[in-house]
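Contents: one structure, followed by commentary.
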């Protein structure tokens, strides 16, 4: 029976859900950071909307989940311990960066950890470099298209509404930002919501519960719910950094940042590219801030964020590799 086959996998599946919970601390918080910081919605209202739209976005496809589950390491040469080691890496790095309020990329943590643990399991034969090509493509999309998306949307708004009084603009975009935040939450679900679904399904395949890599609906539901709980429990630290410390945002700027980021994320999701939503919304906020003047962006905060991004790859790779070696000795 399937239920009997799942029992030995429970510790690993719980680790995956814990990593998804950490993802809620980080990346899910990004989807609602600007709409909360501009006070268009309360944290509770934004969370409720994000939870629903994350779920809907997650249901919109599985291309990213397929890339995570089969695109970075060869399932036939790794084992369930590989997945467990990768999740320990993601959780450890996520807690560290969350503690300091740094919106590091859970996406990059996941792929780096899987790569490190896969290398420790079966050497270079376990690695699929096609997946890293997609990650590097996603890095370019999130950095450049994210920045240019936010910048371009704001320039278009300024040129279209330059004669409209500020009070009217604020009133209009206080309503429109609800739509852009909903779009961002949907886009987040369509990309980030799928990543740990891929890891969860990979574990079920490795454990013999599923004969082929096909994501069950119950896995989608569980992962979406756990992500929402993570956002509710720890998202405020990241929201504060993203929406308040980096640059001062009004509803019109929040609309521009969310719209630019969401368009970029949706493009990546349809191409099956596991994009970092953290990178995308961060650079989009920078782009929006830059339309006023460069000094409007607190580049010192941006430097801290970029530093966390850079160290995510080697840190999670190393933690995943070392954790697998420890697990191999213990078990």
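Every number in this text was worked out from the coordinates using simple rules, so none of it is lab data. Note that the structure is a prediction, hence the values are computed from the model and not measured. All Cβ positions, even for glycine, are placed from backbone atoms using ideal geometry, and neighbour counts span all protein chains on display.
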For residue 322 and residue 159, what does the FRET efficiency come to when R0 = 56 Å and r is the distance between their Cβ atoms, rounded to the nearest 0.05?
0.60
Linear extension gain, residue 212 paired with residue 39, 0.36 nm per residue minus alpha-carbon span
57.7 nm
By how many degrees, 0 to 90 and rounded to 10, does the Cα axis of helix 299-330 deviate from the longest principal axis of the chain?
10
Taking Cα atoms, how many degrees apart are the long axis of helix 106-122 and the longest axis of the chain, rounded to 10 and kept between 0 and 90?
20
Dividing the helical contributions, -39500 (n - 2.57) per DSSP H run of n ≥ 4, by the residues of the chain yields a 222 nm value, nearest 500 deg cm²/dmol, of -25000 deg cm²/dmol
What angle do you read, to the nearest 10 degrees and between 0 and 90, between the alpha-carbon axis of helix 129-140 and the longest principal axis of the chain?
10
Order of 321-330, 259-268 by packing, highest average Cβ count within 10 Å first?
259-268, 321-330
When the chain is reduced to its Cα atoms, the Kirkwood hydrodynamic radius in Å:
19.5
Counting only Cα, what are the radius of gyration and maximum Cα-Cα distance Dmax of the range 81-216, in Å?
20.3, 64
